[in-house]
Amino acid sequence: MEALDQITATLAVTMGLAWASGINLYATLLTLGFLANSGNIDLPPDLQVVANPLVMMAAGTMYFIEFFADKTPGVDTGWDAIHTFIRIPAGAMLAAGAVGDLNPGVEIAAALLGGSLAAGAHATKAGTRVLINTSPEPFSNWLASVGEDVAVVTGVWASINHPVAFLAALILFIILMIWLLPRIWMGIKKVFRLVAGWFGKGQPPADLNLPQ
């Protein structure tokens, strides 16, 4: 039973860090570093660097920039595009580091699963933001951004302190993500056609009919 609990705890932290990194990498690093420095978690050797004050300062600076960029319509989409090349590799690295010193095969498997989960979470976040940006008011961006920050901090904490509950919630998220991503992509294509209509004909199509 103890071995099963250890496997569950390791899996929860591994997938939790990957998932959170796909949404907001800097909030993930800050939360992990804070929990480590406050004695709430003993980090594996490969992750102890995130508790370093210099790493936390860098993550805090980037989170401060992202806090405002992520709440500005249009800017958030550009920010997400750039971070496609940052969040996904970072999610894979954090997942590999979270398994500790086991063996190279386990670390590679964790990196592959973590990178895939980070990519899915990132695609869901970024795609949803493109659709939200079709609304002229900024409040939906603010609400979405704050909700994502809260979800990341809560998720990292839950993956450490309540691994079984977190894994159950993660399974639900993955199911929802699989259902949402095709609909998000359809909506994004319609947004692109709208923009092309503006530039090509000088007027937008009559109706976007974004997926519900």
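All of the numbers you see were taken from the coordinates with simple rules; none came from a lab. What you see is a predicted model; the values in this text were computed from it and never measured. Heads up, the Cβs are rebuilt from the backbone with ideal geometry, glycines too, and the neighbour counts pull from every protein chain shown.
Here are the numbers:
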{"read-out": "0 to 90° range, to nearest 10: angle between helix 163-201 axis and the chain longest Cα axis", "value": "30 degrees"}
{"read-out": "The stretch 86-154: radius of gyration over Cα atoms, expressed as a fraction of 2.2 N^0.38 Å", "value": "1.41"}
{"read-out": "Helix axis angle, 25-37 relative to the chain longest principal axis, alpha carbon, degrees", "value": "20 degrees"}
{"read-out": "Karplus 3J(HN,Hα) series, Hz, for the stretch 66-74 with 6.51 cos²θ - 1.76 cosθ + 1.60 (x for Gly, Pro)", "value": "5, 4, 8, 4, 6, 10, 9, x, x"}
{"read-out": "For the stretch 148-156, Karplus couplings with θ = phi - 60° (6.51, -1.76, 1.60), whole Hz, Gly/Pro x", "value": "5, 4, 5, 4, 5, 4, 5, x, 4"}
{"read-out": "Point-charge dipole on Cβ atoms (K/R +1, D/E -1) for the chain, about Cα centre, debye to 20", "value": "980 debye"}
{"read-out": "Positive-end extreme of charge dipole, the chain - chosen from Leu167, Thr72, Met15 (charges on Cβ)", "value": "Thr72"}
{"read-out": "Mean shadow area of the stretch 2-178, taken as a quarter of the surface of its Cα convex hull (nm²)", "value": "9.8 nm²"}
{"read-out": "Fraction in percent of alpha-carbon pairs per bin - 5 Å, the stretch 32-95", "value": "4, 16, 18, 24, 18, 12, 7, 2"}
{"read-out": "Helix 2-23 axis, angle to the chain major axis (alpha carbon atoms, nearest 10°)", "value": "30 degrees"}
{"read-out": "Ordering of 137-144, 110-117 by burial proxy (mean other Cβ atoms within 10 Å per residue, highest first)", "value": "110-117, 137-144"}
